[in-house]
1. Can you find even one residue in segment 289-301 that is hydroxyl-bearing (S, T, Y), touching a residue at least 12 places away in the same chain (Cβ under 8 Å) and farther than 16 Å from F146 by Cβ?
2. Quick one: which of A404, A408, A460 is open to solvent by 30 Å² or more (accessible area, probe 1.4 Å) and either at pLDDT below 95 or more than 16 Å from the ligand (Cβ to nearest atom) (or both)?
3. Taking the conditions exactly as written (assigned by TED's automatic domain parsing to the domain that holds W431 and either within 17 Å of the chain's Cα centre (by Cα) or among the acidic types (D, E) (or both)), does L361 satisfy them or not?
4. Taking the stated definitions as given, is G346 more than 16 Å from the ligand (Cβ to nearest atom), at pLDDT 95 or above, within 26 Å of F226 (Cβ to Cβ) and surrounded by 24 or more Cβ atoms within 10 Å (Cβ to Cβ)?
5. Among the residues of segment 423-457, what is the count of those that are open to solvent by 60 Å² or more (accessible area, probe 1.4 Å), away from the ligand (no atom under 12 Å from the Cβ) and in contact with a Ser or Thr (Cβ under 8 Å, 6 or more places away or on another chain)?
6. Being in a helix (DSSP H, G or I), assigned by TED's automatic domain parsing to the domain that holds A218 and free of Cβ contacts under 8 Å to residues at least 24 places away in the same chain narrows it down to one residue among V135, V166; which is it?
7. Quick check on segment 223-241. Is at least one of its residues over 26 Å from the mean Cα position of the chain (by Cα) and crowded, with 17+ Cβ neighbours inside 10 Å?
8. Condition (residue is among the aliphatic types (A, V, I, L, M), within 16 Å of the ligand (Cβ to nearest atom) and open to solvent by 40 Å² or more (accessible area, probe 1.4 Å)) applied to segment 374-397: is it met by at least one residue?
Amino acid sequence: MFYSYQFSEELQQEWDWPERYPAQADLAAYANHVADRFELWPDIQFETRVERAIWDDETCLWTVETGDGATLSARFCIMATGCLSAVNYPEIDGLEDFAGETYHTAHWPEAGVDFVGKRVAVIGTGSSGVQSIPVIADHAAHMHVFQRTANYVMPAQNRPMAPDEVAEIKANYPALRAKAKQSFSGNYFPVAGPSALAVSEEERNREYEARWAMGGLAIMATYADFQTSEAANETASEFIRNKIRAIVDDPEVAELLAPKQLFLCKRLCVGTDYYDTYNRDNVTLVDISEVGIDRITPKGVAVDGDEFEVDILVLATGFDAVTGALKRIDIRGTDALRLQDKWADGPKSYLGLGIAGFPNLFTVTGPGSPSVLTNMIPSIEQHVEWISDCIEHMCARHLSRIEADADAEAAWVAHVNDIGDQTLRATCQSWYFGSNIPGKPRVILPYAGGFPAYTKKCDAVAADGYSGFVLR
Ligand code: NA7
């Protein structure tokens, strides 16, 4: 009920979510309902890929070129291209030679995939792998899971929404939303205390047990020093590892599933029956952390001299996060500056909203904004509101051009990197730092200073007549 829009109180009140973690069809129904209710369909052009966006300094217009060769011009260009939308097809030799069926979790066929009686390989154990592995295992004859890095998986404890719980949330929606905005991740999770080390082991474990029973991401917020104290973090890391050891029957498999990196270094996953799945006779975990995958053969997956023959290959290999979708468009600003070139050593953006050299271009949840470290929907809404206000401000004053100032941008990028380097997220390889894409510079992509600090800064910039931007 909180990973949803809040811009319309009527919408919040009238919509009913069937489950705590609704399935794809329910999410699609909600998106369709929003488009119906706010009459958005006439403003949306589907099945259209933007190939190029070119700025003209004389006319102060963007020209946007689409895949069908059409062009259109616009005063403002708002890139709402998504943080996790540019699919990562892994660079594994032989992938195109595989004779069976290949699916990427992010490009799933609408009609579904029939796994009944099939031998299946899944590559990748992030959120997408974690959530699809137990479901596929229910149908497959046999499944091999190829794991490069083990992740922490909290139980979703998914269940139908109870009517009294729904009524209580709806009666207090605005107040609960306001509370969430004051919390670090934009989610309202109760914080148990400032430090995991300030309480006894018994008390700590009681808290962790309660959050395991609660399910989902609430454990993230238990103690405020999970990102700053390795010892504090390790208490939660070990709690989850012990849960894995208790659930998984084979101790060797349990050790392979127990993550080595700190909890919350990579993105915390939420799943249903994930660890139990490894107790099934038709599921085999293959550890590729040291050796990787040699190649994909026409028959299956080759690892360290062994060939695992399969009928279906599922790539749960994630995304070129945060910058990927933007870099896949040829965006050119003043003096024909290409965004790909400007960002060759890592993204440079002022507040994740505007980019020096790219006037009148806004990015929704761009790099250097809290985005993927927060509840995405409120973060998207905050950007949409900020950008709308900014455009209104410009129209009211007959201004035609706004551009992030290069010095303000450099200072913000330095601040984003400072904060990123201080968190324990910097201690492992993750897509937050671009490490999952070969050759991508290791730079923190989201702003790790929290939602309240960030929104305060954005509000101050706007109140100050858009300080750090040059308006003409
Ligand atoms: P993730 O979280 O990036 O997970 C991708 C997984 O695929 C991860 O386990 C990777 O291992 C693995 N991977 C990626 N490339 C390879 C290669 N070449 N060989 C072996 N294994 C590989 O993507 P998801 O789609 O699961 O989740 C993304 C977000 O979507 C998620 O956080 C939710 O917000 C929704 P690695 O960890 O890099 O060693």
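1. No, segment 289-301 contains no residue that is hydroxyl-bearing (S, T, Y), touching a residue at least 12 places away in the same chain (Cβ under 8 Å) and farther than 16 Å from F146 by Cβ.
2. A460
3. Details: assigned by TED's automatic domain parsing to the domain that holds W431: yes; either within 17 Å of the chain's Cα centre (by Cα) or among the acidic types (D, E) (or both): no.
So L361 does not fit the description; no.
4. No; evaluated as a whole, the condition is false for this residue.
5. Of the residues in that region, 1 qualify.
6. One residue alone meets the criteria, V135.
7. No, that holds for no residue.
8. yes
The values are calculated or read from the model by the stated rules, or taken from the named source; none is laboratory data. The structure displayed is predicted, hence computed values, not measured ones. Using ideal geometry, Cβ is built from the backbone for each residue, glycine included, and neighbour counts are taken over all protein chains shown. Surface areas here come from the heavy atoms of the whole protein model, side chains and all, with no ligands, DNA or RNA. Shrake-Rupley method; radii C 1.70, N 1.55, O 1.52, S 1.80 Å.
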